[in-house]
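Read through the structure below, which is laid out as structure tokens, and then see the notes.
The values are calculated or read from the model by the stated rules, or taken from the named source; none is laboratory data. These numbers come from a predicted model, not from an experiment. Note that we place each Cβ from the backbone using ideal geometry, even for glycine, and neighbour counts take in every protein chain shown.
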Amino acid sequence: MFQKVLIANRGEIAVRIIRTCQLLGIQTVAVYSEADADAPHVQKADEAYLLGGPRVVESYLNPEKILDAATKSAADAIHPGYGFLSENSKFAKRCEEEGLVFIGPSPDVISRMGSKIESRKAMQEAGVPVVPGITHSLADVEAAVRTAEEIGFPVMLKASAGGGGIGMQIARNADELRKAFAGNQKRAADFFGDSAMYMEKYIENPRHIEIQILADKLGNTVHLWERECSIQRRHQKVLEEAPSPFLDDDTRKKMGEAAVKAAHAIGYSNAGTVEFLVDQDKNFYFLEMNTRLQVEHPITEEITGLDLVAEQLKIAADYSLTMSQSDIHPKGHAIEARIYAEDPKTFFPSPGKITKLILPAGPGVRNDVGVHDKSNVTPFYDPMIAKLIVKGKDRDEAIGRLQAALSAYEVEGIKTNIPLLQRIADHPAFQKGETATNFIDKHLKQ
Ligand code: MV4
């Protein structure tokens with residue numbers, strides 16, 4: 001096992017990774033920006049290195065400064081967390097060149113899964129269902145119209161390098177498609193430096209359900225069942241749960257098997273997530289693969305009893321998985337609510353100094369937190385400051401615990417989305433498990 005791991009991240013995920021390293025007796029190295037000098041991850045790590053100014057290009061998105069800290073501290077491995085450099089194949093490659101283990105899949109796999117066209121192609125070849133559509137880039141607007149007529153409207157035009165809902169346009173007829181084409185192409189080029197676009201059948205009001213997998217370097221792969229992440233706002237997840245209230249056992253088994261097949265086909269190792277869109281009739285389609293630990297990993301940990309960070313570390317250190325598929329028996333129901341420093345009415349970020357922070361406690365309540373009761377929440381980073389994770393023997397008990405925990409949560413000095421989370425938790429549609437991707441727009445219009 002590694003002796004020393006550098007965590008190339010901040011906030012709650014850096015704290016989360018440090019906790020597991022400490023349990024495993026691994027020394028930890030934090031890196032931080034000038035804005036984070038007294039942040040929890042810096043306080044909790046064994047060593048900490050200042051990267052530079054508060055802007056991400058000077059700090060958490062600066063590969064060479066991070067590699068420098070890894071060399072100075074004599075770390076064996078780098079855990080990238082999520083966001084920042086976690087899905088940057090060049091950074092993973094640079095780690096290899098410096099003799100450091102990047103805790104994630106190989107640079108080649110990261111790069112292939114980063115291209116939506118490439119990943120669709122790989123999945124189609126592996127026999128994993130993908131959304132009906134094409135696996136090449138569209139030459140021009142006329143090719144797009146011809147393709148749409150073959151697929152059948154409505155269609156979705158997507159940037160191959162896209163993410164977070166950027167570079168994505170619905171077209172319900174040829175006219176709309178002609179209008180959307182050039183603008184979408186420009187956004188793809190501006191945001192991702194890659195104007196390649198492909199096209200898929202548009203799935204109306206889908207659910208977003210993802211499968212967590214673990215794969216070691218010896219070819220063993222298991223899945224840890226699903227997470228449902230349908231409650232989102234503008235492609236930002238708000239609340240996730242496991243298991244999905246929508247799936248039946250037959251569909252979840254097929255999705256798990258498809259995810260394992262997907263991972264095998266591309267030579268995946270480490271923890272990963274295969275995202276699917278699921279339509280009203282429970283048809284599921286591969287959407288994309290995330291080659292990192294996800295924000296919402298704790299709900300999988302809560303129902304499986306596994307520590308996903310520990311599994312990542314073991315895999316990266318060349319150990320084989322110690323469980324097989326038949327050993328994994330999810331139990332109970334878990335829900336994660338993301339706590340954002342934002343105005344619950346306008347959804348604008350709400351930076352400022354926290355003056356009071358009291359976290360909820362009790363059976364089945366877990367807090368993954370990246371701030372303390374005197375933290376300054378700056379506008380430089382993602383406004384998610386904490387995650388509240390609850391577990392119950394069933395969904396009703398988990399929702400009850402979520403409601404109680406949200407009521408007990410106290411944050412002063414900044415605004416948070418806790419009132420929005422309460423409206424979701426209290427809503428009869430949520431309580432009935434009606435959690436499609438239009439939930440917030442449909443039920444919580446201001
Ligand atoms: C879709 C779709 C419907 N049909 N693709 C949104 C983020 C991006 N990663 C993929 N997204 C979607 N792709 C087809 N062919 C609908 C969405 C979508 C969505 C997906 C998951 C969760 C929330 C969503 C909200 C709006 C649209």
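Structure values in brief
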| quantity | calculated |
| --- | --- |
| Checking Leu218 against (1) under 29 Å from Lys254 (Cα atoms); (2) within 15 Å of the ligand (Cβ to nearest atom), the condition it does not meet | (2) |
| Unmet requirement for Ser33, which otherwise passes all of (1) of a type in the set (Ser, Thr, Tyr); (2) in contact with a Leu (Cβ under 7 Å, 6 or more places away or on another chain); (3) within 25 Å of Gly272 (Cβ to Cβ) | (3) |
| Candidate set: region 434-446, residues that are surrounded by fewer than 21 Cβ atoms within 10 Å (Cβ to Cβ) and not in a helix (DSSP H, G or I); chosen: the one nearest to the ligand (Cβ to nearest atom) | Thr437 |
| Any hit, region 311-328, residues being within 16 Å of the ligand (Cβ to nearest atom) and within 17 Å of the chain's Cα centre (by Cα) | no |
| Residue within region 60-77 that is in a strand (DSSP E or B), away from the ligand (no atom under 16 Å from the Cβ) and surrounded by 19 or more Cβ atoms within 10 Å (Cβ to Cβ) present | yes |
| Filter result (part of a loop (DSSP other than H, G, I, E, B) and surrounded by 24 or more Cβ atoms within 10 Å (Cβ to Cβ)) within region 86-104 | Ile103, Gly104 |
| For Arg233: the one exception among (1) within 16 Å of the ligand (Cβ to nearest atom); (2) in contact with a His (Cβ under 6 Å, 6 or more places away or on another chain) | (2) |
| Scan of region 230-278 for residues that are in contact with a Ser or Thr (Cβ under 9 Å, 6 or more places away or on another chain) and aromatic (Phe, Trp, Tyr), ordered by number | Phe246, Tyr268 |
| Every residue from region 230-286 that is part of a helix (DSSP H, G or I) and of a type in the set (D, E, K, R) | Asp249, Asp250, Arg252, Lys253, Lys254, Glu257, Lys261 |
| Scan of region 171-186 for residues that are within 14 Å of the ligand (Cβ to nearest atom) and under 17 Å from Lys116 (Cα atoms), ordered by number | Asn184 |
| Residue identified as polar (S, T, N, Q), under 27 Å from Glu228 (Cβ atoms) and at pLDDT 95 or above among Asn367, Asn376 | Asn367 |
| Every residue from region 282-305 that is more than 16 Å from the ligand (Cβ to nearest atom) and surrounded by fewer than 20 Cβ atoms within 10 Å (Cβ to Cβ) | Gly305 |
| Test: residue in region 194-204 that is surrounded by 21 or more Cβ atoms within 10 Å (Cβ to Cβ) and away from the ligand (no atom under 14 Å from the Cβ) | no |
| Meets criteria (aliphatic (A, V, I, L, M) and surrounded by fewer than 18 Cβ atoms within 10 Å (Cβ to Cβ)) for Ala45 | no |
| Among (1) at pLDDT 95 or above; (2) closer than 30 Å to Asn173 by Cβ; (3) assigned by TED's automatic domain parsing to the domain that holds Lys314, the one test that Arg252 misses | (2) |
| Identity of the residue in region 137-151, more than 16 Å from the ligand (Cβ to nearest atom) and surrounded by fewer than 15 Cβ atoms within 10 Å (Cβ to Cβ), that ends up nearest to Asn283 (Cα to Cα) | Glu149 |
| Within region 175-188, tally of residues that are surrounded by fewer than 16 Cβ atoms within 10 Å (Cβ to Cβ) and among the aliphatic types (A, V, I, L, M) | 1 |
| Lone unmet requirement of (1) in the same structural domain as Ala398 (by TED's automatic domain parsing); (2) within 14 Å of the ligand (Cβ to nearest atom); (3) assigned to a loop (DSSP other than H, G, I, E, B) for Arg227 | (3) |
| Qualifying residue in region 255-265 (condition: surrounded by fewer than 22 Cβ atoms within 10 Å (Cβ to Cβ), on the phi < 0 side of the Ramachandran plot and within 16 Å of the ligand (Cβ to nearest atom)) | no |
| Selected residue (criterion: farthest from the chain's Cα centre (by Cα)) from residues of region 381-398 that are over 12 Å from Arg338 (Cα atoms) and surrounded by 20 or more Cβ atoms within 10 Å (Cβ to Cβ) | Ala398 |
| Single condition Leu218 does not satisfy, out of (1) surrounded by 16 or more Cβ atoms within 10 Å (Cβ to Cβ); (2) under 30 Å from Ala317 (Cβ atoms); (3) not β-branched (Val, Ile, Thr) | (1) |
| Helices (runs of 4 or more DSSP H) contained entirely in region 350-433, each with at least 2 residues that are touching a strand residue (DSSP E or B) at 6+ places or on another chain (Cβ under 9 Å) | 395-408, 418-426 |
| Extreme residue, surrounded by the fewest Cβ atoms within 10 Å (Cβ to Cβ), among residues of region 152-168 that are more than 10 Å from the ligand (Cβ to nearest atom) and not in a strand (DSSP E or B) | Gly152 |
